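Step one of this worksheet: look at the structure below.
The values are calculated or read from the model by the stated rules, or taken from the named source; none is laboratory data. Quantities reported herein were computed from a predicted structural model and do not represent experimental measurements. Cβ coordinates were reconstructed from backbone atoms using ideal geometry, including for glycine residues, and neighbour counts include every protein chain displayed.
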Amino acid sequence: MTDTWNLTHRVAVVTGATSGIGAATARRLAAGGASVALLGRREDRLRTLADDLRSSGTGTVLPVAVDLTDAEAVARAAGRVTGTLGTVDLVVANAGVMLGAPFERADTDEWDHMIDLNLRGLLRTARAFTDDLLSAAARGGRADLVNVGSVGGHLLFPDWSVYCATKAAVAHLTRNLRAELGPRGVRVKNIEPGITTTELGTGMRDDESRASLSRMRTDVRALTADDIAEAVAFATAAPPNVNVAEMVVVPVRQG
């Protein structure tokens, strides 16, 4: 591993760390030498992952069970992270949910859930650690806010309209935060995965959409969560004056 890829001494927060891209990213950052706070709802999974990372990494690992749709809970979680690990200089806002259905028959509570987690949860995460990121940048170190979006933020996917709308919001939010925080040294970036095999989508109620997603993953030889984790590591280990601002990561067959 070259110095460029060395993440030693970084203090990272990864949301949605109980599975998929979040868990893979936490593993990758820990393998690079970072201390990592694992945020997610399922405490048992967080503890299992933390035990695994402690046995193989060099940094500190902190599991924190939290519901990102609860603003007060997020604030408490942030306090616990900074109190234990110190100033956070790398945030991966990955937690999200993908629930597809034709617009005219979709359950609107699924819409609410996607908006609450994919957008409001991401906003709460970013806000909770922005002071830390600004502080890290002011000291001359790297400071990264990584939002995990989706190619659905700019491509067309019928029957996934509301999910795509939340990811379009993430994309434009990221651009504006980049303009706001970049001049103060914080590298704000949007990683946009294409079709990736994870647990994302397993909770959707619409059977046709669930089957369609499964076919897409098979037809294009979907990416793995580790593929996206490697992209996050690449973007955050870049030289200090380099911001990989927007990265689209898709399977070759997706085009």
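So is residue 17 modelled with pLDDT of 95 or more and in a helix (DSSP H, G or I) or not? Explain how you work it out, then say what you get.
Values: modelled with pLDDT of 95 or more: yes; in a helix (DSSP H, G or I): no.
In short, no.
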Selection within the stretch 20-50 - in contact (Cβ under 8 Å) with a residue 40 or more places away in the chain and in a loop (DSSP other than H, G, I, E, B): 32, 34
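Would a scan of the stretch 113-126 turn up a residue that is farther than 18 Å from residue 170 by Cβ, touching a helix residue (DSSP H, G or I) at 6+ places or on another chain (Cβ under 8 Å) and crowded, with 17+ Cβ neighbours inside 10 Å?
First pass over the stretch 113-126, keeping only residues farther than 18 Å from residue 170 by Cβ: none.
Within the stretch 113-126, none of the residues are farther than 18 Å from residue 170 by Cβ, touching a helix residue (DSSP H, G or I) at 6+ places or on another chain (Cβ under 8 Å) and crowded, with 17+ Cβ neighbours inside 10 Å.
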When residues of the stretch 147-194 are limited to those that are among the β-branched types (Val, Ile, Thr) and touching a helix residue (DSSP H, G or I) at 6+ places or on another chain (Cβ under 9 Å), the one farthest from residue 89 (Cα to Cα): 162
The listed residue being farther than 24 Å from residue 17 by Cα and of a type outside the set (A, V, I, L, M, F, W, C), out of 176, 190, 147: 176
Members of the stretch 196-229 that are of a type in the set (A, V, I, L, M), modelled with pLDDT of 95 or more, within 26 Å of residue 36 (Cα to Cα) and outside any helix (DSSP H, G or I): 223
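Can you find a residue that is touching a Gly at 6+ places or on another chain (Cβ under 6 Å) and buried (at least 21 other Cβ atoms within 10 Å of the Cβ) anywhere in the stretch 175-189?
no
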Selection within the stretch 1-17 - within 14 Å of residue 62 (Cβ to Cβ) and either free of Cβ contacts under 8 Å to residues at least 60 places away in the same chain or acidic (Asp, Glu) (or both): none
Residue tally, condition in contact with a strand residue (DSSP E or B) (Cβ under 9 Å, 6 or more places away or on another chain) and of a type in the set (Asp, Glu), over the stretch 126-154: 2
